[in-house]
Every structure is written in structure tokens, then in C-alpha cells.
Amino acid sequence: MRAAGKALAGLGAGLVGLGVRDLIQREHAVQRNYPVVGHLRYLLEGIRPEIQQYFIERNWDGRPYDRDVRSVIYQRAKGGLGEDPFGTELDVHEIGYEYLVHSMAPVAVPDQPFTALVGGPDCTKPYPMALLNVSAMSFGALSANAVRALNGGAALGGFAHDTGEGGISDHHRAGGGDLVWEIGSGYFGARTADGHFDPAQFTDKAADDQVKCILVKLSQGAKPGVGGLLPGAKVTAEIAQARGVPVGETCVSPAAHSAFTTPVELIEFIARLRELAGGKPVGFKLCVGSRVELLATVKAMVKLGTAPDFIVVDGSEGGTGAAPLEFENSVGLPLTFGLMDVHNALVGAGLRPQVKVGASGKVSTGTDIVKRLIQGADYTNAARAMMMALGCIQAQRCHTNKCPTGITTQSAWRQRALDVDLKTVRVRNFQQTTVAEAMRIMAAMGVADPTRLNPTMLRQNISAARSASYAELHQWLEPGELLADPPHPWATAWAAASPDRFH
Ligand SMILES: Cc1cc2nc3c(=O)[nH]c(=O)nc-3n(C[C@H](O)[C@H](O)[C@H](O)COP(=O)(O)O)c2cc1C
């Protein structure tokens with residue numbers, strides 16, 4: 001009896017010791033937030049192969065990011081190369097399976113990663129954009145510590161950090177990393193008391209040296225055409241300051257912008273922002289819907305003789321902190337189709353050399369980057385993969401304020417688990433290794449620079465017996481073709497598009 005008592009006391013003391021250690025260690029946010037019990041997660045991860053079937057049966061792998069991709073992101077964030085043993089587990093004969101075409105004569109991998117110089121003829125401060133950057137996620141959706149670590153990572157690695165539509169907070173400035181300032185329909189950080197665009201505030205903030213580019217958000221893939229609402233209870237003093245709204249009052253992002261109502265007005269607004277920003281690059285972000293509306297916007301560029309410096313295409317597979325299921329699953333073009341449409345529309349209108357194209361939607365590996373470059377992008381952005389580099393375990397509690405890893409919560413207690421210094425390095429590691437892998441893939445394809453990539457280099461299984469390249473599968477317009485002689489079926493959409501109305 002006494003022995004059992006002693007054993008129990010020993011176990012209790014051991015657990016208390018473990019709990020204290022969990023609370024003070026910095027590496028694992030889950031253990032910091034859930035001392036002792038948090039170990040169960042790592043225990044299950046450790047014996048993964050044995051319990052794999054259990055999880056597969058419960059649709060674990062049906063989540064947005066499959067386990068292998070997540071595991072590679074974690075490894076790379078921690079400084080590893082993310083190498084995988086044994087060989088592919090994918091079904092390489094599956095219809096729809098895609099693969100890159102390597103060369104019999106690989107070239108040397110360049111010493112420096114490629115960048116895309118963003119800035120058209122009307123821009124006086126072009127910005128060299130990295131191949132992979134932090135996609136828009138606002139302070140509010142993310143915790144202060146998450147924003148700080150992302151910005152610190154961007155500074156360490158020399159890539160860009162999109163602020164998201166919630167304005168520029170002190171946390172975005174803390175790391176000194178390059179910022180893409182996103183302006184949504186709520187004009188947060190540059191808005192009048194009644195919610196319209198305020199040029200004076202915009203000019204003041206855009207002058208900040210850390211702000212390298214401005215991005216007007218039209219829509220995002222997870223909820224295209226839907227506005228947003230931040231309940232008053234969540235509008236803390238810090239969030240209110242970043243957004244330029246009163247503390248404690250519900251603030252609304254309408255579905256549509258009030259600064260423009262036609263394609264011509266959108267392009268005029270962009271030109272005005274560039275002027276107010278002292279010549280910094282200005283672009284817009286959208287999830288593509290109607291080809292007619294896209295072409296109407298391109299016609300407005302042709303008519304006005306000015307264009308955005310960049311367009312970011314978000315795929316319907318993109319992530320969000322919270323969105324209606326219907327919009328997540330069933331509205332908007334997947335990235336592959338939206339991206340090819342934007343690229344072709346710009347090529348066809350003769351505007352492609354001056355407008356850079358960014359792409360976002362589940363970009364998380366070197367393959368994803370190269371594939372998107374082939375489909376028409378100049379660079380890519382990632383949101384959820386960056387969250388995983390911060391330690392996201394895909395608990396999918398972003399909308400409840402109860403994120404177990406301290407990433408998507410405003411709870412001071414939960415976010416204290418996210419160690420900013422440690423995660424800053426992880427964000428840098430993940431970006432650096434992933435871009436290095438993309439560079440290595442391009443070298444294996446015999447490509448000395450991304451302009452040499454072409455649609456013959458990406459292939460897809462189209463039946464059990466055949467694969468075909470993107471050059472064969474899709475239509476690729478010639479420079480200026482839409483202006484000279486639009487081919488079928490682009491001709492119908494081109495004829496229907498007017499620069500003076502969206503629809
Ligand atoms: C937590 C979270 C917050 C986001 N907030 C914004 C936002 O403020 N503005 C925006 O344009 N997109 C926002 N997005 C969308 C991302 O910027 C990106 O377009 C999309 O998630 C696709 O990238 P992913 O598949 O790499 O996550 C958010 C995404 C997440 C996951």
C-alpha cells in the first residue's frame with residue numbers, strides 16, 4: 001500500500017515537473033498551451049505508421065493539406081531539407097495527375113534565387129519580388145505574435161509580407177520586413193469616418209519605407225464576392241488603431257468597393273494610388289469569376305493607357321480565417337484556370353510585359369511554385385503553408401479564437417505559446433528551402449531562368465492511356481492577339497466586354 005502511494009506521489013511529481021518544463025520550453029506551442037496532455041499529439045505523430053489506417057478511415061487525409069505536405073513544411077521550417085524516404089505514394093497513373101518535364105541535360109542551379117521585378121512604365125519604385133512570399137492575412141485574423149514572426153521571417157529572408165486587409169499594425173512594423181499593404185473594401189488604415197477611401201491617410205502611410213507595394217483587394221478565393229464583419233467585441237484598441245476605426249464598434253468590409261464602380265474607374269483608382277504612393281507599384285488581387293469582367297478590366301487598361309503593376313490571382317482552393325462553406329467549396333475559378341485566364345488576357349492585350357502576375361492557392365512546395373510559373377505566374381504567395389511554418393496543426397479553430405498554437409487567436413494566454421524569435425527563423429527557413437527546391441527543379445528541367453519555362457513542360461494524365469502537355473491541353477494567346485483578331489472562344493467574351501461596366 002505504502003509502495004503504491006509512493007509510486008503515485010512519484011508519478012504526480014513527475015507530471016508536475018513535466019508540466020513546468022512544458023510551460024517554459026519555447027519550441028512546441030501545443031505543449032505550452034496544453035502542458036502534459038499536449039504530449040499525446042507528439043506521441044501519436046511518433047507512432048504514425050502504426051495508426052495511419054485509423055486516421056485514414058477517419059478522413060484525416062481529406063483535410064485541406066495532406067499529411068505528407070504538412071510534414072515536409074514542418075521539416076523545412078525546422079531547418080531540414082524535407083526529404084522523403086522510399087519513393088512516391090501517389091498514384092502516378094491517376095487521371096488528372098500532373099508532372100513536370102525534366103531535361104536530359106540539367107543546368108547548374110544559380111547562386112541567387114530568381115526574383116520578379118514588379119513595376120510597369122508608370123512606376124518609379126519597382127520592387128524585386130521573391131518567388132514565394134507571405135500571402136495576405138490581417139492582424140485580427142492572426143495574433144500579434146504570428147504577425148511579428150511572419151514579418152521577422154520576411155526581413156531575414158528578403159521576401160514580402162502582405163498585411164491583409166486589416167491595415168498596418170505595429171506588429172507588421174516590428175520585424176522591419178518588406179510590406180505589401182493591402183487595401184480592401186473597408187479601406188482600413190486609410191478610411192473616412194463613414195468608411196470611404198481617405199487619400200490623406202493613404203498618402204501618409206504609403207510613404208513608409210517598409211511599404212514596398214500596394215494591393216487593392218477585389219476578392220479572395222475562399223469567399224469571392226463576400227464582405228466581412230469584425231464584431232465590436234473583437235475591436236480592441238490595437239486593432240482599432242491599425243484599422244482606423246472606433247474601439248469596440250463593429251466594423252464592416254462591404255462586398256463591393258465604394259471607390260469605383262466600373263472597370264475604367266478601377267484602373268483610374270489604381271493610377272491615383274500609385275501617384276499618391278509616390279510611384280510605388282500598385283496592383284489588385286482577385287479570384288477570377290467571369291472572363292467578360294476580366295476582359296472588361298483589360299479593355300479599361302488599353303483605353304486609359306495605364307495598367308496595374310501587378311495582379312495577384314487567388315484560386316478558389318485558397319484559405320481563410322472564416323467563410324461560408326458554400327463559398328469555400330463552390331464559388332470562383334480554381335487557381336489553374338484563373339491564372340491562365342489572367343495571363344492570356346494580358347498577353348492578348350499586349351500588356352503582359354508590364355504587368356507582373358502573382359499566384360496563391362495551396363502553394364507549399366517547390367513543385368507548386370514551378371507549376372504556377374508555367375501556368376502564367378511570375379511569383380507566388382502562401383498563407384496556410386506559412387501558418388504551418390509557424391506551427392499550425394490544422395486544428396481548424398481559426399474562427400473560434402481558440403487556436404491551440406497561438407496563431408489565429410487574440411487570446412494573450414494562447415498566443416504567448418508562439419515564440420516569436422524561434423518562429424521567425426522557421427518562416428525564413430521554410431521560404432528559403434522551398435524556393436531553393438524550386439530553383440533545383442528548374443535546373444533539372446534544363447531551364448536557366450523562369451522566362452524559359454513553357455507549357456510543354458507541364459503534363460497531365462488525361463486518360464488511363466494518355467498524357468498531354470499544357471501546350472496541347474489549353475489555348476495560349478499570342479501577344480496582341482485580342483486587339484488584332486481575337487480567336488474563338490475568346491472573341492465572344494472580348495466582344496461582350498465593355499470598359500465602362502463590369503456586367
Ligand atoms: C487566416 C487567414 C486570413 C486571411 N486573410 C486575408 C486577408 O485579409 N486578405 C486577403 O486578401 N486574403 C486573406 N486570406 C487569403 C490568403 O491571403 C490567400 O489568398 C489564400 O489563403 C490562398 O493561399 P493558401 O492556399 O496558401 O492559404 C487569408 C487566409 C487565411 C488562411
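Among the residues examined, residue 277 qualifies as modelled with pLDDT of 95 or more and of a type outside the set (Phe, Trp, Tyr).
Among the residues making up the range 221-260, those that are free of Cβ contacts under 8 Å to residues at least 24 places away in the same chain and over 25 Å from the mean Cα position of the chain (by Cα) are 232, 233, 237, 246, 247, 248, 249, 250, 260. Within the range 385-434, being under 18 Å from the mean Cα position of the chain (by Cα), away from the ligand (no atom under 15 Å from the Cβ) and of a type in the set (Val, Ile, Thr) holds for 424, 433. So for the range 343-356 (the condition being within 15 Å of the ligand (Cβ to nearest atom) and either surrounded by fewer than 24 Cβ atoms within 10 Å (Cβ to Cβ) or without any contact (Cβ under 8 Å) to a residue 24 or more places away in the chain (or both)), does at least one residue qualify? No: the range 343-356 contains no residue that is within 15 Å of the ligand (Cβ to nearest atom) and either surrounded by fewer than 24 Cβ atoms within 10 Å (Cβ to Cβ) or without any contact (Cβ under 8 Å) to a residue 24 or more places away in the chain (or both). Considering 147, 134, the condition of being over 27 Å from residue 355 (Cα atoms), touching a His at 6+ places or on another chain (Cβ under 9 Å) and of a type in the set (Val, Ile, Thr) is satisfied by 147 alone. For residue 140, the conditions (1) at pLDDT below 95; (2) open to solvent by less than 10 Å² (accessible area, probe 1.4 Å) all hold with the exception of (2).
You will find that of 100, 132, 117, the residue that is surrounded by 12 or more Cβ atoms within 10 Å (Cβ to Cβ), more than 20 Å from residue 209 (Cα to Cα), over 18 Å from the mean Cα position of the chain (by Cα) and modelled with pLDDT of 95 or more is 100 and no other. The residues in the range 142-180 that are more than 12 Å from the ligand (Cβ to nearest atom), closer than 19 Å to residue 241 by Cβ, hydrophobic (A, V, I, L, M, F, W, C) and in contact with a Leu (Cβ under 9 Å, 6 or more places away or on another chain) can be counted, and the count is 1.
Of all the listed residues (292, 313, 302), the sole one being more than 9 Å from the ligand (Cβ to nearest atom) and surrounded by 24 or more Cβ atoms within 10 Å (Cβ to Cβ) is 313. Of all residues in the range 206-240, those satisfying the criterion of being under 12 Å from residue 180 (Cα atoms) and either within 14 Å of the ligand (Cβ to nearest atom) or in contact with a Gly (Cβ under 9 Å, 6 or more places away or on another chain) (or both) are 206, 210, 213, 214, 215, 216, 217.
Selection of the range 316-342 for residues being acidic (Asp, Glu) and open to solvent by 30 Å² or more (accessible area, probe 1.4 Å) yields 317, 326, 328. Checked against the criterion of being buried (at least 22 other Cβ atoms within 10 Å of the Cβ) and of a type in the set (Lys, Arg), the range 370-378 contains one or more residues that satisfy it. Looking across the range 363-384 at every residue that is within 16 Å of residue 458 (Cβ to Cβ) and within 8 Å of the chain's Cα centre (by Cα), the one that is farthest from the ligand (Cβ to nearest atom) is identified as 380.
The values are calculated or read from the model by the stated rules, or taken from the named source; none is laboratory data. This is a predicted model, so every value here is computed, not measured. Neighbour counts are summed over all protein chains in view; Cβ atoms, including those assigned to glycine, are modelled from backbone coordinates with ideal geometry. We work out accessible area using only protein heavy atoms, side chains counted, and drop any ligands, DNA or RNA first. Shrake-Rupley method; radii C 1.70, N 1.55, O 1.52, S 1.80 Å.
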